[in-house]
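Colleague: Pasting a structure here, questions to come.
The values are calculated or read from the model by the stated rules, or taken from the named source; none is laboratory data. What you are looking at is a predicted structure, and each value in this text was computed from that prediction instead of being measured. Here Cβ is always computed from backbone atoms with ideal geometry, including for glycine, and neighbour counts include all displayed protein chains. For accessibility, only protein heavy atoms count, side chains too; no ligands or nucleic acids. Shrake-Rupley method; radii C 1.70, N 1.55, O 1.52, S 1.80 Å.
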Amino acid sequence: MSGFEEVNYYFRKAARVMDLSTAVERMLVTPYREVKVDVSITMDNGELGTFIGYRVQHDRSRGPMKGGLRYHPTVDLDEALGLASLMTWKTAVVNLPFGGAKGGIAVDPNTLSPGELERLTRKFVQQIHEIIGPQTDIPAPDVNTNAQVMAWIMDEYSKMHGFSPAVVTGKPVDLFGSRGREEATGRGAVFALEEYLKDAGQGEVRGKTFAIQGFGNVGSWAARFLHERGGKVIAVSDVKGGVHNPEGLDIPRLIAHQKDQNTVTGFPGSDPISNDDLLLLPVDVLVPAALGGVITDANVKDLRAKLILEAANAPTTPQADEALVKRGVTVLPDIYVNAGGVTVSYFEWAQNIQQFTWEEDKVNAELQRHMRDAYATLARVVRERKVSLRTAAFIVAIGRVGRATVLRGV
Amino acid sequence: MTPSEASKVIRGVLCRGLSYEQTEQILKAMVPVKAETGLIVFKEGERPQGLMVLLEGTVEVFKQASGKKGRDEVLATIEAPTVLGEISLLTEGPHTASIRAKTACEFSLLTTTQFHRLLREESLAAYKVIAILAEVLARRLHRMDEKFVEVSRKSASAPVEELTAFKQKLFTDWSF
């Protein structure tokens, strides 16, 4: 399944529960606008480099559209459309006043010099500046784009439209970025877990065991927050492999080791473990925090975790998801769990619009409030409609987007 | 089917109310036709041969698919005894649909030429046949009226009602 098909699979499942007609379904799935642009720059060696840039804007009924920009060779309209629609539903689940968008450039940034990367980014902004903006569409970092890229976007856009820090989020804290933005997705995932544990009468993070696949921005922050709360993180991994200690890993020291070595592997006092085996550990909570499609038909029957916290986007294939639901394994769905990132992006945008800076405590408290409120709504839908958390999230999102669309008039 | 059995069927469908002589006049003008299963008896758009009385078997009335990949749209399946090609006989226009033998079929054909010859001779028998055909057409028109009302109701109001109901439900059933 392509990204778009996968998102639509869950969308349709919720649509069936809601008894949506085909016409309404088609209206909600169809994107508002798809843009494909030429991004040509002079390379360092004097040659001409031509790349293709994309921006898909899925829905703007609830507010300006929001979504990441990724620099990756696989970027195309189909992928961007799937992820753009996911952003529509995700912002609706946590009730942010945003719609969904996604885009990027089909390029491998590892082949570019810093100068080429900057020229490429600025050229892309020149090509799409008419369709983005603080009240239209607000990009954010995604795969292979970071705070520096966002700073260039803000600068280039501001040249054409005047001072506009709110045109992108995920900017450096020194350039209108928000405190707490970097750790927001990991922190939000832990808040999501805490809400579930409280609701399910399963106590707190303290004493529970965790395995985390992925030790990038999301995984490492999630590990740190779980560790701080007394959780026992017994295994983590990155692209080079994983480390395992049944007694629990010392996360602050592991983060230092990873910064130093650029990998978690070889951490003293741990045994190596493969990415595949990590998924099968008998832990209380499994946290896929890296790639999509890691829990599949092939390994789902061997999974021994009681709970899955989807910090990554789409880590579970639809077939594996069905199997888990049947087995009674709870899946806290990506659309809710990793919404902390876009939520703090919303706070960054709000601070930029207000020209008023929030303390980190306020950012975190507001994030927790959004995650808590969203969970309370999902839990109600699960109880009243006897559906999974994922279907509940889509039902809530479709309801909110649908009402906004109807109230505006169709 | 023997010729006498065939005349009996023709009498039933086409010659009700005709005297013995008048019936004989019509029967004499007709020729027998056979069709194997699957054979196209006449094609949409072709010049009509005349009026067919289906004596035995079953036929399908269909509209041909427009593209190569499209499927034929079957309008009706008709069993003997009945008359076919009555519209083309009266309008002299091309056939408005095609007919395919669904089973082995036997027909009796009253050619357009023969029919018009009888009309020119002011044959009362031919005019009586027209009256019978008018009755057949009236019945079919009536059925079509009913069908039309049903289809137009379905296509216009159902999705509108559905959409209105869904809009309402967004605020009642799906607001949490």
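Colleague: Could you tell me which of B:133, B:152, B:9 has its Cα farthest along the dipole of chain B towards the positive end, charges placed at Cβ (Lys, Arg +1; Asp, Glu -1), taken about the Cα centre?
Modeller: B:152
Colleague: Take the Cα atoms of the stretch A:26-68, find their three principal axes, and give me the spread along each one in whole Å, biggest first.
Modeller: 46, 19, 10
Colleague: Got a sec? Which residues of the stretch B:133-166 lose 20 Å² or more of accessible surface with every protein chain in place, vs. that chain alone, 1.4 Å probe?
Modeller: Those residues are B:162, B:163, B:166.
Colleague: On a 0 to 90° scale, report how tilted helix B:20-29 is relative to the longest principal axis of chain B, with both axes built from alpha carbons and the result rounded to the nearest 10.
Modeller: On a 0 to 90 degree scale, this one is about 80.
Colleague: Given the pairs A:198/A:301; A:301/B:169; A:13/A:232; A:90/A:123; A:259/A:362; A:13/A:171, which are separated by over 32 angstrom at their Cα positions? It would help to have the intermediate numbers written out before the result.
Modeller: Working: A:198/A:301 27 Å; A:301/B:169 39 Å; A:13/A:232 35 Å; A:90/A:123 29 Å; A:259/A:362 28 Å; A:13/A:171 36 Å.
From the list (A:198/A:301; A:301/B:169; A:13/A:232; A:90/A:123; A:259/A:362; A:13/A:171), the Cα-Cα distance tops 32 Å for A:301/B:169; A:13/A:232; A:13/A:171.
Colleague: Let me ask something additional. Put simply, what bits of the stretch A:365-382 lose 10 Å² or more of accessible area when the other protein chains are there, versus the chain on its own (1.4 Å probe)?
Modeller: A:377, A:380, A:381
Colleague: Taking the Cβ-Cβ separation of residue A:410 and residue A:206 as r and a Förster radius of 51 Å, what is the calculated FRET efficiency to the nearest 0.05? The partial results should precede the final answer.
Modeller: Details: r = 49 Å, r/R0 = 0.97.
With R0 = 51 Å, the Cβ-Cβ based efficiency is 0.55.
Colleague: Show log10 I(q)/I(0) for the stretch A:14-113 at q = 0.12, 0.15, 0.16, 0.22 Å⁻¹, two decimals, from a solvent-free Debye sum over equal Cα scatterers.
Modeller: After summing over all Cα pairs, the log10 values are -0.47, -0.66, -0.72, -1.07.
Colleague: Straight-line reach from residue B:34: which lysines fall under 23 Å, measuring Cα to Cα and dropping same-chain residues less than 8 apart?
Modeller: B:8, B:43, B:63, B:102
Colleague: In 5 Å bins starting at 0, how do the alpha-carbon pair distances of the stretch B:1-65 split up by percent?
Modeller: 3, 13, 24, 22, 16, 12, 7, 2, 1
Colleague: If the viscosity is 1.306 mPa s and the temperature 10 °C, what Stokes-Einstein diffusion coefficient in µm²/s follows for the stretch A:224-313 when Rh is the Kirkwood radius over Cα pairs? Let's see the in-between values first.
Modeller: Working: Rh = 13.5 Å.
Translational D for this selection: 117 µm²/s.
Colleague: Hey, what's the stretch A:289-362 come to in accessible area per residue, 1.4 Å probe, Å²? Don't skip to the answer; put the middle values down first.
Modeller: Values: 3040 Å² over 74 residues.
In whole numbers, the stretch A:289-362 has 41 Å² accessible per residue.
Colleague: Can you list which of the trypsin sites (Lys or Arg not before Pro) found in the stretch A:295-339 are DSSP loop residues with at most 16 other C-beta atoms within 10 Å? All intermediate terms of the calculation are to be shown ahead of the outcome.
Modeller: Numbers: sites: A:301, A:304, A:306, A:326, A:327; in loops: A:304, A:306.
The qualifying sites are A:304, A:306.
Colleague: Using square roots of five times the C-alpha gyration tensor eigenvalues, list the equivalent-ellipsoid semi-axes of the stretch A:334-410 in whole Å, biggest first.
Modeller: Over the Cα atoms of the stretch A:334-410, the semi-axes work out to 27, 18, 9 Å.
Colleague: Looking at chain A, which longest stretch skips every one of the GluC sites (Glu not before Pro) that is in a DSSP loop with at most 16 other Cβ atoms within 10 Å, leaving the sites themselves out?
Modeller: No qualifying site falls inside A:248-358, the longest such stretch.
Colleague: Using a 1.4 Å probe over the heavy atoms of the protein chains, calculate the carbon and sulfur portion of the accessible area of the stretch A:295-366 as a whole percent.
Modeller: Values: 1440 of 2880 Å².
Taking all protein chains in place, the stretch A:295-366 shows 50 percent carbon and sulfur surface.
Colleague: In the stretch A:284-378, which chymotrypsin sites (Phe, Trp or Tyr not before Pro) are in a loop and have at most 10 other Cβ atoms within 10 Å, using DSSP for the loop call? Please report the intermediate quantities before stating the final value.
Modeller: On the way: sites: A:336, A:346, A:347, A:349, A:356, A:358, A:375; in loops: A:356, A:358.
Here the chymotrypsin sites (Phe, Trp or Tyr not before Pro) that fit, given the DSSP loop and packing criteria, are A:356.
Colleague: Work out the P(r) tail for chain B: percent of alpha carbon pairs separated by more than 25 Å, whole number. Can you show the working numbers first?
Modeller: Values: 6920 of 15400 pairs.
The share of Cα pairs beyond 25 Å in chain B comes to 45 percent.
Colleague: Sticking with this structure for a sec: How many Å² of accessible area per residue for the stretch A:205-275, probe 1.4 Å? Let's see the in-between values first.
Modeller: Numbers: 3150 Å² over 71 residues.
Counting only protein heavy atoms, the per-residue value for the stretch A:205-275 is 44 Å².
Colleague: Give me the compactness ratio for the stretch B:29-87, meaning the Cα radius of gyration over 2.2 N^0.38 Å. Can you show the working numbers first?
Modeller: Numbers: Rg = 12.5 Å, N = 59, 2.2 N^0.38 = 10.4 Å.
Normalised Rg, Cα atoms only: 1.21.
Colleague: If you take the Cα atoms of the stretch A:112-193, find Rg, then find the Kirkwood Rh from the mean of 1/r over all pairs, what is Rg/Rh? Don't jump to the answer; show the numbers that get you there.
Modeller: Details: Rg = 13.6 Å, Rh = 13.4 Å.
For the stretch A:112-193, the value is 1.01.
Colleague: Of chain B, which part is the longest with no GluC sites (Glu not before Pro) in a loop (DSSP not H, G, I, E, B) and with at most 11 other C-beta atoms within 10 angstrom?
Modeller: Values: sites that count: B:36, B:92, B:121, B:122.
Of all site-free stretches, the longest is B:37-91.
Colleague: For chain B, what is the accessible area per residue in Å² when the probe is 1.4 Å? Before the final figure, lay out each step's value.
Modeller: Details: 10660 Å² over 176 residues.
On a per-residue basis, chain B sits at 61 Å².
Colleague: Next question, about the same structure. Can you list the equivalent-ellipsoid semi-axes of the stretch B:71-173, largest first and in whole Å, using the square root of 5 times each Cα gyration tensor eigenvalue? Walk me through the numbers on the way to the answer.
Modeller: Working: eigenvalues 392, 58, 25 Å².
In descending order, the three semi-axes are 44, 17, 11 Å.
Colleague: Then there's this: Using the Kirkwood radius built from alpha carbon pairs, what does the Stokes-Einstein equation give as D for the stretch A:132-254 at 20 °C and 1.002 mPa s, in µm² per second? Provide the component values of the computation, followed by the final result.
Modeller: Working: Rh = 16.5 Å.
D, rounded to a whole number, is 130 µm²/s.
Colleague: Where in the stretch A:106-170 are there chymotrypsin sites (Phe, Trp or Tyr not before Pro) that are in a DSSP coil and have at most 14 other Cβ atoms within 10 angstrom of their Cβ? Working shown, then result.
Modeller: Values: sites: A:124, A:152, A:157, A:163; in loops: A:163.
Sparse-neighbourhood loop chymotrypsin sites (Phe, Trp or Tyr not before Pro): A:163.
Colleague: Restricting to the protein assembly as shown, compute how many DSSP beta bridges are antiparallel as a %, nearest 5. Numbers along the way, then the final one.
Modeller: Numbers: 51 of 76 bridges.
Bridges in the protein assembly as shown are about 65 percent antiparallel.
Colleague: How large is the helix-only mean residue ellipticity at 222 nm for chain A, computed as the sum of -39500 (n - 2.57) over DSSP H runs with n ≥ 4, divided by its residue count, in deg cm²/dmol to the nearest 500? Provide the component values of the computation, followed by the final result.
Modeller: Values: 14 runs with 189 residues, N = 410.
Result for chain A, helices only: -14500 deg cm²/dmol.
Colleague: Here's something else I'd like to know. Let me check I've understood the local charge: for residue A:363, count other residues with C-beta under 14 angstrom from its C-beta, Lys and Arg +1, Asp and Glu -1. What total comes out?
Modeller: Numbers: positive: A:179, A:181, A:187, A:362, A:369; negative: A:182, A:183, A:348, A:359, A:360, A:361, A:366.
Its environment carries a net charge of -2.
Colleague: List the accessible area buried at the contact between B and A, summed over both sides and calculated with a 1.4 Å probe, in Å² to the nearest 100.
Modeller: Buried area between the two chains comes out at roughly 1400 Å².
Colleague: If you bin every alpha carbon distance in chain A into 10 Å steps from zero, what whole percent lands in each bin?
Modeller: 5, 23, 32, 27, 12, 2, 0
Colleague: Next question, about the same structure. Taking only Cα atoms of the stretch A:152-199, what ratio of Rg to Rh do you get with Rh as the Kirkwood inverse-distance radius? Mind showing how you got there, number by number?
Modeller: Numbers: Rg = 15.8 Å, Rh = 12.7 Å.
Looking at the stretch A:152-199, the ratio lands at 1.25.
Colleague: Please check the stretch A:394-410 for residues whose accessible area, probe 1.4 Å, is lower by 40 Å² or more when all protein chains are in place than in their chain alone.
Modeller: A:403, A:406
Colleague: In whole Å and largest first, what semi-axes does the C-alpha gyration tensor of the stretch A:265-410 yield when each eigenvalue is scaled by 5 and square-rooted?
Modeller: 31, 23, 13
Colleague: Got a number for carbon plus sulfur as a percent of the stretch B:1-156's accessible area, 1.4 Å probe? Show your work: numbers first, answer last.
Modeller: Values: 5210 of 9420 Å².
The nonpolar share, carbon plus sulfur, comes to 55 percent.
Colleague: OK, next. Take residue B:157, project a point 7 Å from its Cα along the Cβ direction, then tell me which residues of the stretch A:395-410 have their backbone nitrogen under 18 Å from it.
Modeller: none
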